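See structure below.
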Amino acid sequence: TGPTVWTEFNRIGQEHNPVNLGQGFPDWLPPKFAVDSLVEAVLDSAQSPHQYTRSAGHPNLVNQLARRYSIHMRKEIDPMNEVAVTVGASQALYLSLQTLVRPGDEVILFEPFFDLYVNQVKLAGGTPVFVPLRFVPYTDKIDGQDEDEVRGGDWVLYRDELMKVVSPRTKAIILNSPHNPTGKIFTRTEMELIAESLDLAGPDCVVLSDEVYKYIIHAPPKEESVSDSPICAGHIHFASLPGMWDRTITISSAGKTFSATGWQAGWCVGPNRLIKPIHQLLPYIQFCASTVIQEALARSLSRADQPYEGYASYYEYLKAKYTRKRDLLVDALTEAGFAVPNYDVTPGGGFFILARPGKAIQRSIPEKYILAKNEAAPGGVARQDWALCQWMAEEVGLLCIPSSPFFSSERVQEGAADSFIRVAFCKTDETIEAAAAALRQMK
Amino acid sequence: MALRYSKNLSIIATFLSTNLWCSAFLLSSEIGVLRNRNHNKHFSTTDEDRKEGVTEKDSDNISPLSSSPPPSSSLLSKRLDGLDAPTVWHEFSPLAVKHKSINLGQGFPDWDPPRFVIEELKRSTDPEYNDANQYARSAAHLPLAEALRNDYVDYQWKESDLPTDILHNLDAVTNIATATGVTNVLYCALQGLVNPGDEVLLLEPYFDIYSSQVKLAGGTPIYCPLRSDISKLVGASEFFTLDLDELASKITTKTKVLILNTPHNPTGKIFNIDELEGIANLVSDYPNLIVLSDEVYQHLLFDKEKEPHISIATVNNGQIWDQTLTMSSAGKTFSCTGWKVGWAIGPAHLIKAITAVQQWCNFSPVTPTQDAISRALVLARRPYEGYDSYYDWLVAGYEQKRSILIDALENAGIITPAMPRMAVIKSETPTKGEATETIMPRDWALSRWLTTTVGVTAIPPSAFYGPDNLHLASNTLRFAFCKNEDTLLEASRRLEDYHFPTVSTSSAAAATDAELSS
């Protein structure tokens, strides 16, 4: 414990009141059918979902989840034995690690990573082992731009980076696709690489596939994949790869999909040999997750497939909504002198952009911020990404998150995070416009 | 399946409940095959019973564990050792459904939360309350933390012995944590406080989840039984006593935590001021010892004057305030056990233990339910349905239900609750049935028999004892009366329909005395 990037930037946010593109949750309500589902569940005295429910997961909800995952995975999923409901995907990850990891076990995380993973691995007694995604800048020429100007690019998983650290000590590999914070969609080839690495790890190694952003794939991969789920375009469920069902715990949640992060409704899906231990733990963690929320989600799931706001389904609507907001933010960042991914060529998902300050912006950062001592910053010192974010939040009027907390300390010291900041677009158009206005000041 | 059990069953029933539970004592004059051989709670049932399971529509829906073979030990971390046995809930809920018995086992109400509480959850989805649909502050949703702080300061602890400077300095940000029900608060607290090898004191009988949570945290449960005083068949609080010397003898240099539960599940005992001061005095000699006080039944009091609820954190001028986390929840109070809103209040350094774990385990608890309870707490203090407050109304309702259960047990002619008198009845029990090799504690067997033959389900309290003291539960069953009147009346009819023969009072009393003091 001690100050973290979140507590720090929360504090700065409260003191200076900048436009907030830091937090990873929407500033709008869940869709009406979801809100209505919760209200209906609350008022339903016939079903009365107000008392304890099944520890492993509320039957109405696990049935809905099994129905959908049977389509995703192209196999029959058993709702009672292959699904577990948890308090958000965070807890699904926590419990998966608790059931799998023994002291001394290693868990592979791809860098950059959602910072929660590291401490969850350590809490389970495991050792995090980092495999860097390498940033490969675009090579095409851009008219009017200096050759050494900062550019957007792709994040790539290289075979040797992965294979050299996987061993029989590896107990789990955490895959997060779409990826926080880069927005990367792991390619089928990269996923096959991970599947192949399991041979080096041994039969006990399990892949934890964190898929919370899977319905926000705003830039789907161009190549058609046979593994695409028919009801989740652009997303490959790792567990649906050949031989991988038995080696994977698939994790997701309602929060990002239904703009209801406060519902904290998450789940694990997998073979019974991996799910049963989670079922065994659940009674001792909280006995059961909130019944009324689970009931609301069950009803929401059956409604989300219906036409919504002129789109074929709510999922189509969601994707279109985020695509539009992404474009608003991309324009604002590019105009201000940031380099961002080119979503015409780079697949992307989720609602973050990892943006790179151009040279002009880098030169503008007031000296007092650079390398200032800061307990919360990795290494205790504010490197460029942290300094930039702090300056922007305190003086420019826009709050973004430095990328260094998403990297291992070794890579931070190497400078891997220096040129990246994380900017969210899960915000109303008004908020993004206000951010654009603040960014315009930076020129 | 069937049980081989004693032909002659002498039954003493004493009415001992002060909240939801009624302990009925059953005595066997011949032990028969009901011996407590199985000390590690791995009580097996037939696969047939387990597979029966429950349908989706059943509100008691607790699915049995799957019948696939246990995963290989090389795959799973050691922390799952011993957790593969079904809990008492996984056994009896499906059994109750299978035999269509009246389930007075599991402790949740079969009615809805009050209208005003439901309305607040509805409001939490309104646009005006948008924040209620997104992540809550990890430690606790601030509106709820503030409402809790005010409730403890203005009502719960106002007349207590907690020094006013501590009381009025209580801060919503640092002194309160919320989680997914008190079970989850306890999980986080134990994970945050207990190191491998630490000992955790549990008073038997205890809510069965505690011991497994202690083991999950790497701790060793140490059991200290409440003793029964047969001469004090007045109420649960008098009948069950804590021997402070015995408790003291269990404390070692490794003792890190004491879990206290008042009002107490399953006995219904409410620890009084002398007992709490005694415990506090003892604990204060061990500054590293932390008390986790589970007070979820705090509002279900039947005689607030005679038996008030007291938080141990407040006694002796807050003698052990710095060593105590006080926990409670909305579930029992507002009849919404499925909402899972629990909290802890205490000194900042102990609250941090919970929040530190929570940020990695849950990240944050559900927001809309926390938000709703923040307003429900305020409304509950106002006049309600002709009573001074919702809490007074709640107790009146439970009092009525308790009466029905007492009468039911009384009219059955086999189990006679008495306050203060005692009646003892001896009865014959049927001996036919399929043979079985299953061995289980007597109360477990009796509970199964009561379910399958009489059609009423109660929980065997041996589930709430450590392996060495299972026998103390032999003659007890836990009945819940948080059920609507029709349910209780039907239970009453079924108990009455089963004709239990009687014995003379004195001989059975003598037998009981001998039995209970063993």
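FYI, it's all coordinate maths here, none of it is from the lab. As the structure is a prediction and not an experimental result, all values here were calculated from the model. So basically every Cβ, Gly included, is an ideal-geometry build from the backbone, and we count neighbours across all protein chains shown.
Run the dipole for segment B:115-381 about the Cα centre, Lys and Arg Cβ at +1, Asp and Glu Cβ at -1, nothing else charged, and hand back the magnitude in debye, nearest 20.
Value, rounded to 20: 740 debye.
Most exposed first by the Cβ proxy, i.e. fewest other Cβ within 10 Å, how do A:Arg169, B:Arg115, A:Arg356 rank? The partial results should precede the final answer.
Details: A:Arg169 16, B:Arg115 9, A:Arg356 26.
Ascending number of Cβ neighbours within 10 Å: B:Arg115, A:Arg169, A:Arg356.
With unit charges on the beta carbons (Lys and Arg positive, Asp and Glu negative) and the dipole taken about the Cα centre of the protein assembly as shown, which residue among A:Ala387, A:Pro31, A:Gly104 sits farthest to the positive side?
Farthest towards the positive pole: A:Gly104.
State to the nearest 20 debye the size of the charge dipole of segment A:1-90 about its Cα centre, where the only charges are +1 on K and R beta carbons and -1 on D and E beta carbons.
So the dipole magnitude of segment A:1-90 works out to roughly 280 debye.
Please build a GNM for chain A, connecting alpha carbons under 10 Å apart, and tell me which residue among A:Pro30, A:Pro128, A:Pro242 fluctuates the most.
Greatest mean-square fluctuation among the candidates belongs to A:Pro242.
Ranking B:His471, B:His90, A:His50 by Cβ neighbours within 10 Å, fewest first, what do you get?
Numbers: B:His471 16, B:His90 20, A:His50 30.
In increasing order of surrounding Cβ atoms, one gets B:His471, B:His90, A:His50.
Thinking of segment B:94-150 as a set of Cα atoms, what percent of all their pairs are more than 13 Å apart?
The calculated P(r) of segment B:94-150 puts 75 percent of pairs beyond 13 Å.
How high is the relative contact order of chain A? Use alpha-carbon pairs under 8 Å, at least six apart in sequence, and give a whole percent.
Averaging sequence separation for qualifying contacts and normalising by length gives 24 percent for chain A.
Relative to the first principal axis of the alpha-carbon coordinates of chain A, what is the inclination of helix A:272-285, with its axis defined by its Cα atoms, in degrees from 0 to 90 and to the nearest 10?
Roughly 80 degrees between the two axes.
Can you pull out the GluC sites (Glu not before Pro) in segment A:209-266 whose DSSP state is coil and whose Cβ has at most 10 other Cβ atoms within 10 Å?
When the GluC sites (Glu not before Pro) of segment A:209-266 are filtered for loop state and at most 10 Cβ neighbours within 10 Å, A:Glu223, A:Glu224 remain.
What is the average number of partner chain Cβ atoms found within 10 Å of a Cβ in A:253-266?
Numbers: counts 0, 0, 4, 0, 0, 1, 2, 8, 7, 17, 8, 11, 1, 2.
Neighbouring Cβ atoms belonging to other protein chains average 4 per residue here.
What is the angle, in °, between the Cα long axis of helix A:5-16 and the longest principal axis of the Cα atoms in chain A? Nearest 10 is fine, range 0 to 90.
60 degrees
Which residue, A:Asp148, A:Asp160, A:Asp204, has the most motion in a Gaussian network model of chain A that connects Cα atoms within less than 10 Å?
A:Asp148
If you filter segment B:143-234 for GluC sites (Glu not before Pro), then keep DSSP loop positions with at most 12 other Cβ within 10 Å, what is left?
Passing both the DSSP loop test and the Cβ count: B:Glu159.
In vacuo Debye scattering of the protein assembly as shown, one point per C-alpha: log10 I(q)/I(0) at q = 0.06, 0.08 Å⁻¹?
Values, matching the q order: -0.44, -0.77.
Output the antiparallel fraction of DSSP beta bridges having both residues in the protein assembly as shown, as a percent to the nearest 5.
55 percent
Which of the trypsin sites (Lys or Arg not before Pro) found in segment A:186-282 are in a DSSP loop and have at most 11 neighbouring Cβ atoms, other than their own, within 10 Å?
A:Lys222
Please report the relative contact order for segment B:115-381, taking Cα pairs under 8 Å with a sequence separation of at least 6, and give it as a percent rounded to a whole number.
Once divided by the residue count of segment B:115-381, the mean separation gives 30 percent.
From the convex hull of the Cα coordinates of segment B:115-381, what is the mean projected area in square nanometres? Mind showing how you got there, number by number?
Details: hull surface 54.2 nm².
The Cα convex hull of segment B:115-381, projected and averaged over all directions, gives 13.6 nm².
Using a 10 Å cut-off around each Cβ of peptide B:89-98, what is the average number of partner chain Cβ atoms that fall inside? Spell out each step's value before the answer.
Numbers: counts 4, 3, 0, 0, 2, 0, 0, 0, 0, 0.
Partner-chain Cβ atoms within 10 Å, mean over residues of B:89-98: 1.
How big is the antiparallel share of DSSP beta bridges in chain A, given as a percent to the nearest 5?
Bridges in chain A are about 55 percent antiparallel.
With charges set only on the Cβ (+1 for Lys and Arg, -1 for Asp and Glu), what does the dipole of the protein assembly as shown come to about its Cα centre, in debye to the nearest 20?
Numbers: 86 positive and 115 negative charges, 265 e Å.
Roughly 1280 debye for the protein assembly as shown.
What per residue convex hull volume, in Å³, comes out for segment B:226-378 when only alpha-carbon positions are used?
Hull volume normalised by residue count: 138 Å³.
By how many nm would the segment from B:Asp285 to B:Lys254 lengthen if fully extended, with 0.36 nm per residue of separation less the alpha-carbon distance? If you can, show how the numbers build up before the last one.
Details: separation 31, 0.36 × 31 = 11.16 nm, distance 1.39 nm.
Roughly 9.8 nm would be gained on extension.
Provide, in order from the shortest bin, the percent of all Cα-Cα pairs of segment B:247-293 in each 10 Å bin, continuing until the bin that contains the maximum pair distance.
Taking all Cα pairs of segment B:247-293, the binned fractions are 24, 54, 22, 0 percent.
Please compute, over every Cα-Cα pair in chain A, the percentage with a separation greater than 42 angstrom.
It works out to 13 percent of all Cα pairs.
From the residues B:Leu167, A:Gly2, A:Ser240, which one has its Cα farthest along the dipole of the protein assembly as shown in the positive direction, the dipole being from +1 and -1 charges on Cβ of Lys/Arg and Asp/Glu about the Cα centre?
A:Ser240
Within 10 Å of each Cβ in A:55-66, how many Cβ atoms from other chains are there, averaged over the peptide?
2
So for the pair A:Arg324, A:Tyr158, with labels modelled 7 Å out along Cα→Cβ, what separation do we get in nm?
Between A:Arg324 and A:Tyr158, the label points sit 4.2 nm apart.
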